[in-house]
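Take a look at the structure set out below.
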There are 2 protein chains.
Amino acid sequence: MRILGVDPGSHVTGYGIVELLERGMTCPDYGEIRFSGGSALERCLPQVYDRLMEVVLREKPDAMAVEDIFYGKNVKSLIKQGHVRGAVILAGCHGGIPVYPYTPLEVKKAVVGYGRAEKFQVQKMVQAILKLPELPPADASDALAVAICHAHTHRGSMP
Amino acid sequence: MRILGVDPGSHVTGYGIVELLERGMTCPDYGEIRFSGGSALERCLPQVYDRLMEVVLREKPDAMAVEDIFYGKNVKSLIKQGHVRGAVILAGCHGGIPVYPYTPLEVKKAVVGYGRAEKFQVQKMVQAILKLPELPPADASDALAVAICHAHTHRGSMP
């Protein structure tokens, strides 16, 4: 099973692929989508949609796991993040894969073991679980964490 | 010039086409998209995207005018509306038409003449401006109002 994890953000959207092996997991690809050419939604949304569609077509994941929006931000940023997350979910739907949402709390619990873990702890655990040679950047790391969370939740139902 | 106006909502998304004539305007089509099959985003977003793409392909508008999200709501509803608005904008981009955002204040000022107009006043004015035989339903009326707002703003630059 291959899972595409996505962490939608108002400035940066992280993504990463997690592949379940018979023992453990591996990560064939991860990255961050940074909006170029200004912050207008009609530029940003096609960028995030197109990049994720590329990843879906290239990596052929079986599912998308996408992080919920964390409410502790200003309303303007929440709304922009909502737009971006809409484009992310649409890319999953158009790519023909089921989309699973996870709360930040579920993700941290699944990866670090408790829900109040710091960002750096998540990065370290993601690096260790996927045996990555380098610490992945923060937003890609969050995306990989969502994918790992989905893997833990669905391991019992693996083909 | 033909303008597709859209009012994205967390439950209902209104849309309407406004066509500028040499004198006045007319409305060849309007409607409301109500989500069916539950409120999960992975069902709702493709519905709104697909319906708007159908309208774009059928009516061939030159521009999309889309209402901004009004902040005076609960955060959960704002975020869902953000997702829907993201799918709306993406449909405009993928349909190859420029997308113009307008605030609710701008729309009411353009249509009724002042920014604190009631919903029913907007409906009545939209019906009068477009010479519609019936009062359009509230969300379609809001969508037509955004299109009329764009028409007023861009009339000087009409081809």
*Do we find that B:V84 is touching a residue at least 60 places away in the same chain (Cβ under 8 Å), open to solvent by less than 10 Å² (accessible area, probe 1.4 Å) and either over 17 Å from B:H150 (Cβ atoms) or at the interface with chain A (Cβ under 9 Å from one of its Cβ atoms) (or both) in this structure?*
yes
*Between residues in region A:1-15 that are more than 15 Å from B:G82 (Cβ to Cβ) and assigned to a loop (DSSP other than H, G, I, E, B) and residues that are open to solvent by less than 20 Å² (accessible area, probe 1.4 Å) and not small (G, A, S), which pairs lie under 7 Å by C-beta distance while being six or more apart or on different chains?*
A:M1/A:L20
*Matching residues in region A:132-147 - criterion: being in contact (Cβ under 8 Å) with a residue 24 or more places away in the chain and out of contact with any helix residue (DSSP H, G or I) (no Cβ under 8 Å at 6 or more places or on another chain)*: A:P137, A:D139, A:A140, A:A143, A:A147
*asked:* Looking at the structure I just gave you, is A:Y114 among the hydroxyl-bearing types (S, T, Y), open to solvent by 20 Å² or more (accessible area, probe 1.4 Å) and free of Cβ contacts under 8 Å to residues at least 24 places away in the same chain?
replied: yes
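Residues are listed down the side, and each one gets a yes or a no for (1) touching a helix residue (DSSP H, G or I) at 6+ places or on another chain (Cβ under 7 Å); (2) small (G, A, S):
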site: A:Y71; (1), (2): yes, no
site: A:A87; (1), (2): yes, yes
site: A:K109; (1), (2): no, no
site: A:K124; (1), (2): no, no
_Residue count, region A:16-42 (criterion: surrounded by 14 or more Cβ atoms within 10 Å (Cβ to Cβ) and in a loop (DSSP other than H, G, I, E, B))_ = 1
*Considering only residues that are among the aliphatic types (A, V, I, L, M), open to solvent by less than 40 Å² (accessible area, probe 1.4 Å) and modelled with pLDDT under 95, look in region A:48-81 and name the one that is nearest to A:V107 (Cα to Cα).*
A:I69
*Please specify each residue of region B:89-110 satisfying the condition of being within 8 Å of chain A (Cβ to nearest Cβ), touching a strand residue (DSSP E or B) at 6+ places or on another chain (Cβ under 6 Å) and either open to solvent by less than 30 Å² (accessible area, probe 1.4 Å) or modelled with pLDDT under 95 (or both).*
B:I89, B:G92, B:V99
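Being open to solvent by less than 60 Å² (accessible area, probe 1.4 Å), modelled with pLDDT under 95 and not polar (S, T, N, Q) is the requirement here; does A:L45 meet it?
Spelling it out, it is not the case that A:L45 is open to solvent by less than 60 Å² (accessible area, probe 1.4 Å), modelled with pLDDT under 95 and not polar (S, T, N, Q).
The values are calculated or read from the model by the stated rules, or taken from the named source; none is laboratory data. Computed from a predicted structure; not experimentally measured. Note that we place each Cβ from the backbone using ideal geometry, even for glycine, and neighbour counts take in every protein chain shown. What goes into the accessible areas is simple: the full protein's heavy atoms, side chains included, and nothing from ligands, DNA or RNA. Shrake-Rupley method; radii C 1.70, N 1.55, O 1.52, S 1.80 Å.
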